[in-house]
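Contents: one structure, followed by commentary.
Each reported figure results from applying straightforward, stated rules to the coordinates on display, with no laboratory input. Keep in mind that what you see is a predicted model, and the values were worked out from it rather than measured. Positions of Cβ are generated from backbone atoms using ideal geometry, with glycine treated the same way; all protein chains shown enter the neighbour counts.
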Amino acid sequence: MIHAYDEIYLDSSVNILGHAFDFAVNTLGINLKSFSDAFLVSKASTQFGKGNPKYIAGMNGCELAREILDDVGMKYFDTGDIMYLDKSPEFWTGWALAYYQWYSGESFRDILNEVAVENILKLYAAYHEMDITHFVDYMNSKLALRPSKLKTLRTNVRYTQAALAKASGIPLRQIQLFEQKQRDINKTSADTLYRLSKALCCKMEDLLELGSIN
């Protein structure tokens, strides 16, 4: 499995995002969903997800929270850095979210489009003392219910399956099996991915499913 960035940064990154969520909600008084929404539209979301060292290792959680809020122009009453030793449910929410983003390689936006941040918070009671793999399994099960990336990209460009088959030279039945997830597109040939990506005007890796490159 290819993760979002090198594992050597993982301990730092999950703690930074955990502290950012905790600081924003419990110290600055920002609503959890409001902060999550701000994070998604900020530069930090993309850069953190790509493993930019500035964001996953080069600042603390309080600094990250301020950068997110400043980036989107959200008003807040600032205080000094506060990071508690006792980890709050909001800390765990950010921590678990960062872990799953690293693990899956999915964008934060795609993850939170399927499982809202409020619902991740609700998982705290059941999952925070478990091994993180249980949370990963839960998230995988939820994201697996999405339409395939191939279908999403195809419908975005208003192709029928037949039109995509004609444009790409890939048999219609093969496209149908990919979209129904009865055939693993991650294991298909590079030539097939190339033809589909050219027809859909996307990158080859955009067609790969959960657990592949984002």
**Request:** Among the aspartates and glutamates, select those whose C-alpha is under 20 Å from the C-alpha of K187, and discard any that sit fewer than 8 residues away in the same chain.
**Result:** E106, E179, E205, D206, E209
**Message:** Suppose we flag chymotrypsin sites (Phe, Trp or Tyr not before Pro) only when DSSP calls them loop and at most 13 other Cβ atoms lie within 10 Å. Which is the longest uninterrupted stretch of the chain?
**Reply:** 85-214
**Request:** Please give every one of the lysines within straight-line cross-link reach of K166, meaning a C-alpha to C-alpha distance under 18 Å, and leave out same-chain neighbours fewer than 8 residues apart.
**Result:** K151, K198
**Asked** In the chain, what is the volume of the convex hull around the alpha carbon atoms, normalised per residue and reported in Å³?
**Response** 125
**Complete:** Checking region 3-90 for trypsin sites (Lys or Arg not before Pro) in a loop per DSSP with at most 11 other beta-carbon atoms within 10 Å yields K75
**Item:** Potential lengthening between D70 and Q180 on full extension [0.36 nm per residue; Cα-Cα distance subtracted]
**Value:** 35.4 nm
**Item:** Pairs of Cα atoms farther than 20 Å apart, region 101-186, %
**Value:** 47
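Volume per residue, Å³, of the convex hull around the alpha-carbon atoms of region 149-207?
So the per-residue Cα hull volume is 66 Å³.
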**Message:** Quick check on region 55-156: what are the equivalent-ellipsoid semi-axes from the Cα gyration tensor, as sqrt(5λ), descending, whole Å?
**Reply:** 27, 20, 12
**Prompt:** Which entries in the list K54/K181; K75/K122; K33/K142; K87/K142; K50/K149; K54/K203 go over 31 Å, if you measure between the two C-alpha atoms of each?
**Reply:** K54/K181
